[in-house]
Amino acid sequence: MSKNIARLAVTAGLTAALSFGGVMAPVTMAFAEGTPTVATEKGKVAITDETYTGTTFKGIQIFTAKVTQDQKGDGSWDGSAAKTLSDIQWAPGNVKTLVTTALKDVTGAPDVDADAQTWAEFISTTQGSNFGETTAVDTGTTLDLIAKALEGDKTLTWTKPSDSTKGSFKDLDNGYWLFVTDTPSTTSGANGNTDAYTSPIFTIVGGSDVNVAPKKDVPKVTKAVKDDKNGKFVTDDSKNVFTAANKAADSAAEQPVEYQLAGTVTSNINTYVKYSYTFTDELPSTMVPELQGSNPVVEVKIANSVVDPACYSATYVPGESTNTLTVSFENLKEVKDKAGNPITVDGISTVYVNYKAKLDASKITQDMLGKAQVNNVKLTYSNNPHTNGTGTTVDHPAYDYTYGIDVTKVGSDEDETGNPKTLEGVQFTLQEKGSNEFIKADGTTTTDTNAAILTTNDKGMINVVGLDEGTYTLTEVTPAPGYNNSASKGVTFTIARGTLQQDGTAVTPDKDSANVTAADGVVKAGSATVSTGKLSFTIVDKKGSNLPLTGLNGVTFTWIAGGAVLCIGVAHLIRSRKQAEESEQE
């Protein structure tokens, strides 16, 4: 009798230890608060995932047993009371062989022919140190080995959900069960997040209904860009990059822009032996990352530790339709810092990738001014602790913008249509305030003035692209023939973006902040206008003056008389020489 009671107490501890796959402190039988009652009705299990509602689960029984639990005075089960297993037997089928084979090399494993009670006690005492209903089993523990063996066998018949609710199981035989993910779902949208598989859920069926949430998290990823106006990756200092990532910035041609990729890992990473993890970053075709040879220059950090580049691969594949930067870990659980020290990666770890990219000046066009250059990242991650399966997140974007100017040069006179005459061939230089460099038409800069001359075309226009937000001075250096240089002291203007939206909305510079200023009459009144990504205005040059002339007719007569005398003299000289030659011949 005393031996049976002792075994019952161990079984009660086993019940608590194995419930939900975690470990709880062993309990003793305490009957004072309720009436211990053997469950006779079939059991129910509900696995609820409110986000991935399409994910299905499956279950399999490991041990059959009588299940005892306290009942309240009204006959309902006391859900807070522990369940006790007795008369433990192996479930029908091949479960015993699979479990005992999986555990045969574990220190202290019973003989394969030992009874089910003995095996249950062994599992209870060797399931690992990670415990609690909300935790995930550690890889390599007895519970993990059991789940891996059962999931990997294709001959087992698993119990499927009872109805359209993907995790609802009814009419289950009482005993000890394992539940795992059957088929993961995705969130809505063409590129929805792929669900991760739950760590093994071990629970006792019988008595009170079992309600449990999957033990996993789907990794999340985001992308931020550092705005050079405030130098931050977040829009709110009180939040982090996942809750307030800065999605938008602007830049000049060839100006490095800092990007940050950030990703979390699944909360049950401790169940994985190997955890693959890959950032795939699709840059717009107009951008190129900073390169060292053909490889992108990146810095990878986990928390405050810089990861040794030997622990990951960083590649870049340029192209028009795909322009891809990839940072990939074969096994994130084995990363080290630059000093060779292991970096702890757990369910609360965040992985950061920092790199720089710039707008390629040769690819900037008028059509893209003020329009978002979309830069997308997605994350691919291991999503099944016991296979090589992977899941993928949705794309997360960031945006970069650039701007330009259109300037028209006209004279103070009119053409044959009555409009101000446009002036071709007028030369200018453009500089940003505070800079000693000159800006070319493609937005790149140089200290060589001659290399940065901007010349009006046959429509009297200059176009400059690839400008950042800022204040600039446009200076006329060579006017059109017959016209004065009215802008020799420069025209100052500002490209002001206002507030950059975080959704990729096109940007029109703020006209009220343009402040197009010059000497009186240099900028045509009311000519300053804005359009998507562009500021336009007109500069006027006055036509050269004609001063009065006198004595023009007298001067003309003198030139005519002088010419006539010269002609007579030449004719006389020729005739004289001819007569002299004739006399000599006679």
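A few notes on this one:
- Scan of segment 459-487 for residues that are in contact with a helix residue (DSSP H, G or I) (Cβ under 8 Å, 6 or more places away or on another chain), surrounded by 22 or more Cβ atoms within 10 Å (Cβ to Cβ) and not aliphatic (A, V, I, L, M), ordered by number: 466
- Selection status of residue 435, surrounded by fewer than 16 Cβ atoms within 10 Å (Cβ to Cβ), free of Cβ contacts under 8 Å to residues at least 12 places away in the same chain and either aliphatic (A, V, I, L, M) or not assigned by TED's automatic domain parsing to the domain that holds residue 234 (or both): yes
- Hits in segment 85-129 (condition: of a type in the set (A, V, I, L, M, F, W, C) and in a loop (DSSP other than H, G, I, E, B)): 91, 106, 109, 112, 114
- Whichever residue in segment 146-183 is assigned to a loop (DSSP other than H, G, I, E, B) and of a type in the set (Asp, Glu) and, among such residues, is nearest to residue 62 (Cα to Cα): 173
- When segment 343-363 is limited to residues that are assigned to a strand (DSSP E or B) and among the β-branched types (Val, Ile, Thr), the one that is surrounded by the most Cβ atoms within 10 Å (Cβ to Cβ) turns out to be 351.
- Some residue of segment 113-130 being modelled with pLDDT under 90, surrounded by fewer than 18 Cβ atoms within 10 Å (Cβ to Cβ), closer than 17 Å to residue 205 by Cα and in the same structural domain as residue 208 (by TED's automatic domain parsing): no
- Within the span defined as segment 544-552, every residue fails to be in contact with a strand residue (DSSP E or B) (Cβ under 7 Å, 6 or more places away or on another chain) and modelled with pLDDT of 85 or more.
One line per residue, one yes/no per condition, for (1) modelled with pLDDT of 95 or more; (2) touching a Leu at 6+ places or on another chain (Cβ under 8 Å); (3) closer than 26 Å to residue 348 by Cα:
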{"residue": "137", "(1), (2), (3)": "no, yes, yes"}
{"residue": "169", "(1), (2), (3)": "yes, no, no"}
{"residue": "179", "(1), (2), (3)": "yes, no, yes"}
{"residue": "205", "(1), (2), (3)": "yes, yes, no"}
{"residue": "218", "(1), (2), (3)": "no, no, yes"}
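Conditions (1) modelled with pLDDT of 95 or more; (2) surrounded by 19 or more Cβ atoms within 10 Å (Cβ to Cβ); (3) out of contact with any strand residue (DSSP E or B) (no Cβ under 6 Å at 6 or more places or on another chain); (4) not assigned by TED's automatic domain parsing to the domain that holds residue 373, marked per residue:
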{"residue": "261", "(1), (2), (3), (4)": "yes, yes, no, no"}
{"residue": "267", "(1), (2), (3), (4)": "no, yes, yes, no"}
{"residue": "271", "(1), (2), (3), (4)": "no, yes, yes, no"}
{"residue": "277", "(1), (2), (3), (4)": "yes, yes, no, no"}
{"residue": "291", "(1), (2), (3), (4)": "yes, no, yes, no"}
{"residue": "298", "(1), (2), (3), (4)": "yes, yes, no, no"}
{"residue": "303", "(1), (2), (3), (4)": "no, no, yes, no"}
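- Subset of segment 445-479 (residues that are part of a strand (DSSP E or B), of a type outside the set (A, V, I, L, M) and over 40 Å from the mean Cα position of the chain (by Cα)): 455, 475, 476, 478
- Comparison of 400, 442 shows that the only residue that is in contact (Cβ under 8 Å) with a residue 24 or more places away in the chain and part of a strand (DSSP E or B) is 400.
For (1) at pLDDT below 90; (2) in contact with a strand residue (DSSP E or B) (Cβ under 6 Å, 6 or more places away or on another chain), each residue gets a yes or a no:
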position: 498; (1), (2): yes, no
position: 519; (1), (2): no, no
position: 530; (1), (2): no, no
position: 540; (1), (2): no, yes
position: 560; (1), (2): yes, no
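- Counting only strands (runs of 3 or more DSSP E) wholly contained in segment 210-255, no element carries 2 or more residues that are in contact with an Asp or Glu (Cβ under 8 Å, 6 or more places away or on another chain), closer than 30 Å to residue 534 by Cβ and not assigned by TED's automatic domain parsing to the domain that holds residue 351.
- Residue in segment 387-422 that is surrounded by the most Cβ atoms within 10 Å (Cβ to Cβ), counting only those that are under 30 Å from residue 183 (Cα atoms) and in contact with a Pro (Cβ under 9 Å, 6 or more places away or on another chain): 393
The values are calculated or read from the model by the stated rules, or taken from the named source; none is laboratory data. In this text the structure is predicted, and so the values were computed from the model without any measurement. Note that we place each Cβ from the backbone using ideal geometry, even for glycine, and neighbour counts take in every protein chain shown.
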